[in-house]
Amino acid sequence: MAMEREQVLTAAVGLLTRQPSAAMDEIARAAGISRATLHRMFPGREALIGEIAAFALRRMDAAVDAARIESGDPVAAVRRLAERMIPEAQLVAFLSGESRLFDDDEITRAWDEIDARVGALFLRGQQQGLLRVELPAGWLSEAFFSLLAGVGWAVQDGRLAARDSTRALTELFLGGVVRSDVTAAHTPGPAAPDSAATPTTHRNDLP
């Protein structure tokens, strides 16, 4: 049952990022279930949206954990973070388009915890002299997630191939935040075939 709910949530995200005003019967069709079944799972649209947000934040938190961003070279950690986050890009795109969700204190708290961890990574990179210090670390976190959401939308719309998404995110983002004098030392060689990674707009600047 848990897997079925996740499948329904994933299908709902796929539709709602394209059609934010999609009705419950349209969501049910996208998920391959009846409207009655959808209503048994989620009593209304608000409940569905709230559960999608909670699901997205759980997945994002797990991706941050898997990327091990609190240790090692910060630039390499950003690359690991991008690899782990790319599969969640559509969920991040959904959250970015549902700003009213942040009226929910629990959702805001969960997002802020993720945001703070990623912001701390960028701050560590600045303190080690690897990232540009004139860009606030908290804003770098916001920019990273905004770009990630953009990748999610681009892949969904067919403007970016899924296999190119990790490279597109890391090269564009790091090209802007890594100090020019250290870029060469942190640029990986050509990726081997099938090296894509496998297994989510924010605010608070860190002090």
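Remarks
- Counted by neighbouring Cβ atoms within 10 Å, the residues W111, W153, W139 run from fewest to most as W139, W153, W111.
- Surface/4 of the Cα convex hull for region 1-43, nm²: 2.6
- A22 versus S34: modelled label distance in nm, points set 7 Å from Cα along the beta carbon direction: 2.1
- Label of the coordinate-derived value, Kirkwood radius over Cα pairs in Å, listed as (i) 17.9; (ii) 19.3; (iii) 18.4: (i)
- The rule of thumb for compact globular proteins, 2.2 N^0.38 Å, goes into the C-alpha radius of gyration of region 18-86 1.56 times.
- Full-stretch length increase - R45, E4 - with 0.36 nm per residue and alpha-carbon distance subtracted: 13.0 nm
- Exposure proxy ranking for S34, S96, based on other Cβ atoms within 10 angstrom of each Cβ and starting from the fewest, stands as S34, S96.
- Pairwise FRET efficiency - W139 versus F102, Cβ, R0 = 25 Å, nearest 0.05: 0.90
- Each of E83, E4, E26 was scored by other Cβ atoms within 10 Å of its Cβ. Listed from fewest to most, they are E4, E26, E83.
- Available extension along the chain between D181 and A120 is 19.7 nm, counting 0.36 nm per residue and deducting the alpha carbon span.
- Compactness of region 86-142, taken as the C-alpha radius of gyration over 2.2 N^0.38 Å, stands at 1.30.
- Taking other residues whose beta carbon is less than 13 angstrom from the beta carbon of I49, and scoring Lys, Arg as +1 and Asp, Glu as -1, yields -3.
- Ellipticity estimate at 222 nm from DSSP helix runs (n ≥ 4, -39,500 (n - 2.57)) divided over the chain, nearest 500: -20500 deg cm²/dmol
Each reported figure results from applying straightforward, stated rules to the coordinates on display, with no laboratory input. Because the structure is predicted, anything quoted here is derived from the model rather than measured. All Cβ positions, glycine included, derive from the backbone under ideal geometry; neighbour counts span all protein chains shown.
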